[in-house]
Protein chains: 2
Amino acid sequence: MSTGPAFKRLPRAVREQQMLDAAVKVFSRRGFHAASMDEIAEDAGISKPMVYAYLGTKEELFVACLHREGTRMMQAIAGAAAPDLPADERLWRGLRAFFGFVGAYRDGWAVLYRQARGEQPFATELATMRARLVEVVAGMLDHALRAEGREVAGADLEVVAYALVGATESLADWLADHPEADAEKTATRMMNVAWLGAGQLLSGVTWCPPTD
Amino acid sequence: MSTGPAFKRLPRAVREQQMLDAAVKVFSRRGFHAASMDEIAEDAGISKPMVYAYLGTKEELFVACLHREGTRMMQAIAGAAAPDLPADERLWRGLRAFFGFVGAYRDGWAVLYRQARGEQPFATELATMRARLVEVVAGMLDHALRAEGREVAGADLEVVAYALVGATESLADWLADHPEADAEKTATRMMNVAWLGAGQLLSGVTWCPPTD
DNA sequence: GAGCATACCTACTCGTGCGTAGGGTTACGC
DNA sequence: GCGTAACCCTACGCACGAGTAGGTATGCTC
């Protein structure tokens, strides 16, 4: 007369992914501190001790989320940026891949990143990832410059790259908040700002503060 | 034989400012949730019930911080952007004022904003402020465009403005993390990226995705 | 079908930190 | 000098949520 187990027993690997899905969802909705392990467990359709057994403490769980989403993003971008292409082509492909990723994982990405910014333990983790991106962009600009036989101080390039990455993240946030918006179009907009600006700089045009 | 009161009795207005100073400091160091009212009180040289008596609950206290810093920032920028100047001049002055502000209040500003991003109750408050900035920048671009007799869809302008604001905030974060960096120089860098990019767009140059 | 590992649960402990009750002390008006 | 209002404190109640103890059921191997 027993109805049997209401929910199936599943292999570890599957449950871990379900837990991570739930964790990303709840963390993004509530923020790291406000999220409760109980809610994550419930959302994953499992009880709390299972989460601790598989993914460890709350911090470790968050790091696992960060890691999975970060890896997904890097993979999405990695293929796009073949180093032998011209700089504008590389930038365009990179941006398209990036916004494509954000568009697909709106919920996950943007808010995870918004969360990780504030909390000390994770901010460094995030900063490392961003540093990698900045380095790639700076390297690309540098490459393009050398191809024209000119050179710019590394620090300057890095700051420019930093600004570009910041602008991109900002538009990614915007995209995440506007479900109706189109990822491809957003990428084009970003490319306009980034490339026409970078293009000018690459051609040696420089703006100087007025001497008043 | 009594040594008298170790700490002076001070009028409300003074104490409130001390509390806000302490709150900004602690919130920025620890983040909203990790910050404790006890630590804030201790740092302000006062006991906890006083904080509740004057500034209300933790959320209300944080909002008060956000409000004070936000107002300071807006005031810093407000004077700089006289509407009758040419667009590049206005942008330059705005940026200089902005980075000057961030440079002066490194501790307070950047981290307050980093915090407010994540937590739902404050994210909207912040979004409103940012929206005002975006509007100002978009208005400036629009003005410059009309002066040349051209016109661009409002939505497009807004996205471009959004990207510029994002890039600027990103460099502000960078500035806040690099105490040795110079605010003026950072503003110049930002102006290079923003204006040379915006300048191209204003001259009607547009980048189109390659048809492959 | 006995043994064992793995999946899974209910029901707790315990620290932490928000918010408050209730009372003391200094200044200031009259 | 005396009331009254503002300033300020020590000490608590209480809820919430991280992490755990200890036990049950299911599938897999031989």
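The values are calculated or read from the model by the stated rules, or taken from the named source; none is laboratory data. Predicted, not measured: the structure shown is a model, and the values here were computed from it. Reconstructed Cβ throughout: ideal geometry from the backbone, glycine too, with neighbour counts over all protein chains shown. These accessible areas exclude ligands, DNA and RNA; they are computed on the full protein's heavy atoms, side chains included. Shrake-Rupley method; radii C 1.70, N 1.55, O 1.52, S 1.80 Å.
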**OP:** Test each condition in (1) open to solvent by 30 Å² or more (accessible area, probe 1.4 Å); (2) under 16 Å from B:Ala76 (Cα atoms) for B:Gly103 and report the one that comes out false.
**Re:** (1)
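Determine if segment B:161-172 includes at least one residue that is in contact (Cβ under 8 Å) with a residue 60 or more places away in the chain, surrounded by fewer than 18 Cβ atoms within 10 Å (Cβ to Cβ) and under 30 Å from A:Phe32 (Cβ atoms).
No - not one qualifying residue is present in segment B:161-172.
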Subject >> Candidates A:Phe99, A:Phe27, A:Phe32 - the one that is among the aromatic types (Phe, Trp, Tyr) and under 15 Å from the mean Cα position of the chain (by Cα) >> reply: A:Phe99
**OP:** Could you run through segment A:44-63 and say how many residues are more than 6 Å from DNA strand C (Cβ to nearest atom), away from chain B (no Cβ under 14 Å) and open to solvent by less than 70 Å² (accessible area, probe 1.4 Å)?
**Re:** 10
**OP:** Could you tell me which of the residues B:Ala163, B:Ala183, B:Ala138, B:Ala116 is within 22 Å of A:Ala127 (Cα to Cα) and either more than 16 Å from the chain's Cα centre (by Cα) or facing chain A (nearest Cβ under 8 Å) (or both)?
**Re:** B:Ala163
Original post:
Does B:Arg29 satisfy the criteria of being more than 14 Å from chain A (Cβ to nearest Cβ), charged (D, E, K, R) and touching a residue at least 40 places away in the same chain (Cβ under 8 Å)?
Top reply: no
Subject >> Subset tally (residues that are within 24 Å of A:Pro11 (Cα to Cα) and hydrophobic (A, V, I, L, M, F, W, C)) for segment A:53-101 >> reply: 8
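Across segment B:32-43, what is the number of residues that are within 12 Å of DNA strand C (Cβ to nearest atom) and away from chain A (no Cβ under 14 Å)? If you could, list the steps in order and put the result at the bottom.
Step one: list which residues in segment B:32-43 are within 12 Å of DNA strand C (Cβ to nearest atom), which gives B:32-42.
Okay, now just the ones that are also away from chain A (no Cβ under 14 Å), so B:37-42.
Residues meeting the conditions: 6.
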